[in-house]
1. Of everything in segment A:175-198, what is away from chain B (no Cβ under 14 Å) and either open to solvent by 60 Å² or more (accessible area, probe 1.4 Å) or under 20 Å from A:D66 (Cβ atoms) (or both)? Give them in sequence order.
2. Considering segment B:84-99 alone, what residues qualify as being open to solvent by 10 Å² or more (accessible area, probe 1.4 Å) and not in a loop (DSSP other than H, G, I, E, B)?
3. Applying the selection to segment B:86-137, what residues are free of Cβ contacts under 8 Å to residues at least 24 places away in the same chain and either more than 9 Å from every other protein chain (Cβ to nearest Cβ) or within 29 Å of B:T442 (Cβ to Cβ) (or both)?
4. Take segment B:313-334 and flag every residue that is within 15 Å of the ligand (Cβ to nearest atom) and in contact with a helix residue (DSSP H, G or I) (Cβ under 6 Å, 6 or more places away or on another chain).
5. Evaluate the following for B:T81: is it modelled with pLDDT of 95 or more, within 11 Å of chain A (Cβ to nearest Cβ), surrounded by fewer than 24 Cβ atoms within 10 Å (Cβ to Cβ) and in contact with a Pro (Cβ under 9 Å, 6 or more places away or on another chain)?
6. Return the residue satisfying two criteria in turn: it lies in segment B:354-391 and is under 19 Å from B:F109 (Cβ atoms) and over 19 Å from the mean Cα position of the chain (by Cα), and of such residues it is surrounded by the most Cβ atoms within 10 Å (Cβ to Cβ).
7. Going through segment B:294-308 one residue at a time, which ones are within 15 Å of the ligand (Cβ to nearest atom), of a type outside the set (A, V, I, L, M, F, W, C) and assigned to a strand (DSSP E or B)?
Amino acid sequence: MSVRIDGEAASFEDAVERAAAVLSAGRAPVVAGLGTDIAGVRAALKLAEHLRAAVGHRAAPALSRDLAVLSETGILFVTPTEAGRRADTVLLVGDLATRAGWLAEVFGRDGAPARTVVSLGASAKAAAAMGTEGAPLSLAVKGVGVRDTLLALKARVGGRPVDEKRLGRSGLRDLDNAAKTLAAAKYGVVVWDAAGLDGLSVEAAAGLVRDLNAAARYAAVPFPGDDNAAGAVLACAWTTGFPPPLGFPGGIATHDPWRFDVDRMVASGEADAALWISAMTPAAPAWTEAPPTVALVAAGTRFVMPPAVVIEVRRADRTTDAVLHDARTNTLTPVAAPRGKAAADALPTVAAVIAAIHLRLSGKGGASC
Amino acid sequence: MLIRLKDGHVIDPAHDRDGIDDVWMQDGRIVARPPRGTEPDAVYDVAGKIVMAGGIDIHSHVAGGNVTLSRLLLPELHEGTEAPPDGQPFGTARWSSYETGRLYARMGFTTVVEPAVAPSQALQAHLELADLPILDKATLSVLGNDEVLLGLMRDKAGRDAIADYVGLVVAKSRAIGVKCINAGGSAAFKDNVRTFGLDDVIPSYGLSSRQIFKALQQAVVDLRIRHPLHLHCNNLGVAGAIDTLVETIEAADGLPLHLAHVQFYAYGSEGKRGFSSGAQQLIRALNLNPNVTVDVGQVMFGQTVTISSDSLRQYSANALASPNKWIVWDGEGNGGGIVPFHYKASNVINALQWAIGLEIFLSAHDPWRVFFTTDHPNGAPFTTYPKILHLLMDRDERARYIAGLPKAAMALSALPSITREFTLQEVAIMTRAAPARLLGLTDRGHLSPGAIADVSVYTDTTDRTAMFERAALVFKDGNLVVRDGEVTEYRFGRAETVEPGFDKAIVRTIDGRLGDLYGTDTRQFTVPAGAIGRDEPFRVHPCRS
Ligand SMILES: [Zn+2]
């Protein structure tokens, strides 16, 4: 059943009409999830501007940590493709177990150069994905977490003193060893996933890259996030000037990570209507209490609380030609749906549904501009 | 729909027109005066106003990876203050694609070239440009630090193979030409080299900057692409860089070459600060080498952000970042860097940079070969164009600026003694006729029948800033899009492209090389029309026959 209103099967036209009613009734609506292709993000932004809605992405917590570093200090980074070809030294920061597949794609290719891997809390799975012989040089200091070890390492790389009592003599020796190994790189990279780190760790990792780059060549390889998060950031930035979370108070595009944090807005009751978009993974919002919601989701999505309107949409990466961010090349890439799959899928795209809702609301084509 | 612009002062240097006349448009094109008695559907009385073709900017960083990184680096520099007018979504969202189109259009510009698109980011750049309203746009593909070209050269693949590869990239990435940015410099930076001159060699390839740029220059000639190789030289911003610039001009060996933002190289190393104007040396070299064109990259005072694919240079400039934060990145080719910068009128070096740019404009003998740019936003945002035109057209305006600038700086430039004032004819050459010719866009930059009906009408006043800030009327493809300096409605232009011929066998070679290097293939720089989300997003222009 691909279209439902209040849990009952409905026609697409009725669902669009109801969706328009739900969203326009809100005084503080939110556009959340945003797991869609570039066409979907462009359409969602136009609708959000019209509704003066807040816009957030499902990967917001991790995204915000990387974006905060970007706008507070900047960053020195390398595309994963070039990192995989060039890096002779890799520092893995954090667990990264869920990114093992990505690490294998980036670093584990046949013909990759011999490289030294230093692990700061990386799981065995992540380390194994690097495709290097032997175990990585592990930097685990007993009783000291990833963040504090990273801060201590950064201090040692910079030749600054650290709390020797806490790290212990062998801990300090390991740190200095690692610092020496890292400094010996011809081209080194520091890899992290902001989803598994706190803000200070991300900032320290980016700072460590800058410090190491003063003498050797170094660059960061942050994981770009799931569900086309990095693609959504780019499209939001060229459309509004800003990454999500963003809003349109008074019609003015505005970036404010706290004010437009859609999860916060929903939890506090501030949001009074929601458009949830998850066309890449069948994911429902994790909200325990939600305002009237319109959900554009991949088939098979299960909801704890039935939304007012559910419209199932095409999987951006499976059954429709799409533009998505590619986590290996770090750029937008056209992804062609396998031949025949698109024709066999009767579901609409996110962009088409949003354009229909927008048209219903404005009487004008949301699609034309 | 037949439109008559009646009794305007028509300035169309491509056809030596400079006088009171009508301009007629129909179905998006300029048409000849119709037979007597034909009634137009619309008449605009433009008596006393200046009528020119729509403006064309050959070098402005308005879209793509580095531009969007600058948006993310500096959110505090572009907070919005007003809501957009109805029907113009995001039109006031500062630093957005939408705002860029709106602000260009109100100045009477109708075509803009984004000059630095990494092939792997071509799709992103074209998507950003698709959301830039009103104007037509075009891109240049950046080559010269990409591992594929360097590998072909190292392996002595030969001149034909290089041309085939360059042709493939230009065609697939929907570009109009080729840009080369510090040839080999970014590749050398990845090998931990921190300065890179014309005859320095990339350690991992054994190739010099001179060899690389000359190979690309030859490829562009061989492919019959009309726009010459668009080159960003080595040693940008360095005192004494005038020597590099002149050596590069001489190295062109008579083949067509365009040198970007030359102000940033026209620096001698004289005076007690070891920094002086090299403008006159540049002018001499230009006079001796008619195959070379340049754009200026004028500096204006104020906060801006430098955006460049010269990753080596941007890294070395990071100590000057203001506010103090910056981005540098490595990629399969050039990578890039974003360094915010504040040009201060009180700073001797910055004041001299300002003077050198104007000195180049005003000393150049041939306005057809010296192009009007600020290298937006590197020297200044494009919104400063009206002020710069004012400075070029009005020596009293220049004197007012000079009076407020450090004397030490003015003493090192010939600018204070220059009395020349640009005419409207010369402005029209620099911003319309010459850019169209340089880009090979025969359908614009002039007002003769058959040209696309991109027309700007300005109120003729001595306050040239006011005149060029807000065009009285702008027509894009014959549609009125600006009235009294305000955009009246969005329309979306196309990307102007070329499709040079190349041997299709090269595709397999390049797929193989990209596969070995990265596990990717030529899809990485292929921009499918269907991915852009607008009808007919591209228009193909012929190469030289
Ligand atoms: Zn430039």
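1. Taking segment A:175-198 as the starting set, the residues that turn out to be away from chain B (no Cβ under 14 Å) are A:175-182, A:191-198.
Listed by number, the residues that qualify are A:N177, A:K180, A:V191, A:W192, A:D193, A:A194, A:A195, A:G196, A:L197, A:D198.
2. B:E99
3. B:D86
4. Step one: of segment B:313-334, the residues within 15 Å of the ligand (Cβ to nearest atom) are B:313-314, B:317, B:334.
Scanning segment B:313-334 gives a single hit, B:N334.
5. Values: modelled with pLDDT of 95 or more: yes; within 11 Å of chain A (Cβ to nearest Cβ): yes; surrounded by fewer than 24 Cβ atoms within 10 Å (Cβ to Cβ): yes; in contact with a Pro (Cβ under 9 Å, 6 or more places away or on another chain): no.
Criteria not met by B:T81.
6. B:L391
7. Filtering segment B:294-308 down to residues within 15 Å of the ligand (Cβ to nearest atom) leaves B:294-299, B:304-308.
In the following step, the residues that additionally are of a type outside the set (A, V, I, L, M, F, W, C) were identified as B:295, B:297-298, B:304, B:306, B:308.
Matches in segment B:294-308: B:D295, B:T304, B:T306, B:S308.
Residue-wise test of (1) surrounded by fewer than 20 Cβ atoms within 10 Å (Cβ to Cβ); (2) within 21 Å of B:G184 (Cβ to Cβ); (3) within 13 Å of another protein chain (Cβ to nearest Cβ).
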site	(1), (2), (3)
B:Q263	no, no, no
B:G278	no, no, no
B:G297	no, no, no
B:T304	no, no, no
B:S308	no, yes, no
B:Q314	no, yes, yes
B:N324	yes, no, yes
B:I327	no, no, yes
B:G337	no, yes, yes
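The values are calculated or read from the model by the stated rules, or taken from the named source; none is laboratory data. Keep in mind that what you see is a predicted model, and the values were worked out from it rather than measured. Virtual Cβ from ideal backbone geometry, glycine too; neighbours counted across all protein chains shown. We work out accessible area using only protein heavy atoms, side chains counted, and drop any ligands, DNA or RNA first. Shrake-Rupley method; radii C 1.70, N 1.55, O 1.52, S 1.80 Å.
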